[in-house]
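K.L.:
Just passing along the structure, written as structure tokens.
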């Protein structure tokens, strides 16, 4: 297999440089010269291969968030519908999304979204994809749940998942992961009760709701 064309190769280098800059300097400190330095190219190459600063950052943000979305989609693709919910919860409340190159990047983008509509739109799109995937999984396991309760639980789980990596990074609580996953299970218990508490299989190693124990 041959090497990728120069344009493709340089574009990837530059977009990698953008992400490296955001993680090192924050969005405000991500300049064309710093992007070029991180990418190992001349500053003029940034404009030549990708565009002006806003275009470069926008392309890097779209690519980074797309990769996070693909992580969730690909993890669920080979599973039967009824098996997807435990895996999805493992993704949302596991250490993968808490990795600095994902969590820190998302935190930086959230801060930037207050000033940049394009960043806000891109982040909202990622979370809407997560919301759609979770809705499909919940609907498969809880087919008789009313739409309002399903939507509330979906929203609550995503809100927990969004805050989880940041609280973990701050060392907010040494038992953070056990507690946040437990909180998600308690939200799902509202759907369990509606269907006789028999619909959802308990994931391996999990503590059943109401047991009073810890994972």
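The values are calculated or read from the model by the stated rules, or taken from the named source; none is laboratory data. These figures come from a predicted structure and were not determined experimentally. For neighbour counting, all protein chains shown are included, and Cβ atoms are generated from backbone atoms with ideal geometry for every residue, glycine included.
K.L.:
I'd like the residue in region 69-79 that is within 12 Å of the chain's Cα centre (by Cα) and touching a residue at least 24 places away in the same chain (Cβ under 8 Å) and, out of all such residues, is nearest to residue 127 (Cα to Cα).
P.N.:
Ranking the qualifying residues of region 69-79, first place goes to 69.
K.L.:
Then there is this: What residue, among those in region 188-201 that are modelled with pLDDT of 75 or more and buried (at least 17 other Cβ atoms within 10 Å of the Cβ), is nearest to residue 145 (Cα to Cα)? Steps first, answer last, please.
P.N.:
Residues of region 188-201 that are modelled with pLDDT of 75 or more, as a first pass: 188-193.
Now narrow it down to the ones that are buried (at least 17 other Cβ atoms within 10 Å of the Cβ): 188, 191-192.
Numbers: 188: 11, 191: 7, 192: 9 Å.
Checking each candidate, the answer is 191.
K.L.:
Based on what the data block shows, is residue 30 under 23 Å from residue 102 (Cα atoms), at pLDDT below 95 and assigned to a loop (DSSP other than H, G, I, E, B)? Spell out the reasoning first.
P.N.:
Values: under 23 Å from residue 102 (Cα atoms): yes; at pLDDT below 95: yes; assigned to a loop (DSSP other than H, G, I, E, B): yes.
Yes; evaluated as a whole, the condition is true for this residue.
K.L.:
Sticking with this one: Check whether at least one residue in region 97-111 is without any contact (Cβ under 8 Å) to a residue 24 or more places away in the chain, assigned to a helix (DSSP H, G or I), touching a helix residue (DSSP H, G or I) at 6+ places or on another chain (Cβ under 9 Å) and surrounded by 15 or more Cβ atoms within 10 Å (Cβ to Cβ), and report yes or no.
P.N.:
Checked against the condition, which is being without any contact (Cβ under 8 Å) to a residue 24 or more places away in the chain, assigned to a helix (DSSP H, G or I), touching a helix residue (DSSP H, G or I) at 6+ places or on another chain (Cβ under 9 Å) and surrounded by 15 or more Cβ atoms within 10 Å (Cβ to Cβ), region 97-111 yields no hits at all.
K.L.:
Ok, one more. Tell me yes or no: at least one residue of region 80-89 is surrounded by fewer than 16 Cβ atoms within 10 Å (Cβ to Cβ), assigned to a loop (DSSP other than H, G, I, E, B), without any contact (Cβ under 8 Å) to a residue 40 or more places away in the chain and out of contact with any helix residue (DSSP H, G or I) (no Cβ under 7 Å at 6 or more places or on another chain).
P.N.:
yes
K.L.:
Let me ask something else about it. If we keep just the residues of region 5-15 that are touching a helix residue (DSSP H, G or I) at 6+ places or on another chain (Cβ under 8 Å) and farther than 21 Å from residue 110 by Cβ, which is modelled with the lowest pLDDT?
P.N.:
Here the residue is 7.
K.L.:
Let me ask another. Kindly check whether there is at least one residue in region 57-68 that is crowded, with 17+ Cβ neighbours inside 10 Å, farther than 30 Å from residue 177 by Cβ and either touching a helix residue (DSSP H, G or I) at 6+ places or on another chain (Cβ under 8 Å) or touching a residue at least 60 places away in the same chain (Cβ under 8 Å) (or both).
P.N.:
Among the residues of region 57-68, at least one is crowded, with 17+ Cβ neighbours inside 10 Å, farther than 30 Å from residue 177 by Cβ and either touching a helix residue (DSSP H, G or I) at 6+ places or on another chain (Cβ under 8 Å) or touching a residue at least 60 places away in the same chain (Cβ under 8 Å) (or both), which makes the answer yes.
K.L.:
Return the total of residues in region 33-56 being in a helix (DSSP H, G or I) and in contact with a helix residue (DSSP H, G or I) (Cβ under 7 Å, 6 or more places away or on another chain).
P.N.:
The qualifying residues number 12.
K.L.:
Right, here's the next one. Scan region 1-27 residue by residue and report those that are part of a loop (DSSP other than H, G, I, E, B) and in contact (Cβ under 8 Å) with a residue 12 or more places away in the chain.
P.N.:
If the condition is that a residue be part of a loop (DSSP other than H, G, I, E, B) and in contact (Cβ under 8 Å) with a residue 12 or more places away in the chain, then 26, 27 are the ones that fit.
K.L.:
Okay, moving on. Within region 149-160, does at least one residue satisfy the condition of being closer than 15 Å to residue 98 by Cβ, touching a helix residue (DSSP H, G or I) at 6+ places or on another chain (Cβ under 8 Å) and either surrounded by fewer than 18 Cβ atoms within 10 Å (Cβ to Cβ) or touching a residue at least 60 places away in the same chain (Cβ under 8 Å) (or both)? Steps first, please.
P.N.:
We begin by selecting, within region 149-160, every residue closer than 15 Å to residue 98 by Cβ; these are 160.
In the following step, the residues that additionally are touching a helix residue (DSSP H, G or I) at 6+ places or on another chain (Cβ under 8 Å) were identified as 160.
Add one more test, that the residue is either surrounded by fewer than 18 Cβ atoms within 10 Å (Cβ to Cβ) or touching a residue at least 60 places away in the same chain (Cβ under 8 Å) (or both), and what stays is 160.
Yes, region 149-160 contains at least one residue that is closer than 15 Å to residue 98 by Cβ, touching a helix residue (DSSP H, G or I) at 6+ places or on another chain (Cβ under 8 Å) and either surrounded by fewer than 18 Cβ atoms within 10 Å (Cβ to Cβ) or touching a residue at least 60 places away in the same chain (Cβ under 8 Å) (or both).
K.L.:
Hey, another quick one. Quickly run through region 38-52 and pick out the residues that are farther than 11 Å from residue 14 by Cβ and within 28 Å of the chain's Cα centre (by Cα).
P.N.:
Listed by number, the list holds a single entry, 52.
K.L.:
Okay, next question. Answer yes or no: is there a residue in region 121-137 that is outside any helix (DSSP H, G or I) and free of Cβ contacts under 8 Å to residues at least 12 places away in the same chain.
P.N.:
First, the residues of region 121-137 that are outside any helix (DSSP H, G or I): none.
Checking region 121-137: not a single residue is outside any helix (DSSP H, G or I) and free of Cβ contacts under 8 Å to residues at least 12 places away in the same chain.
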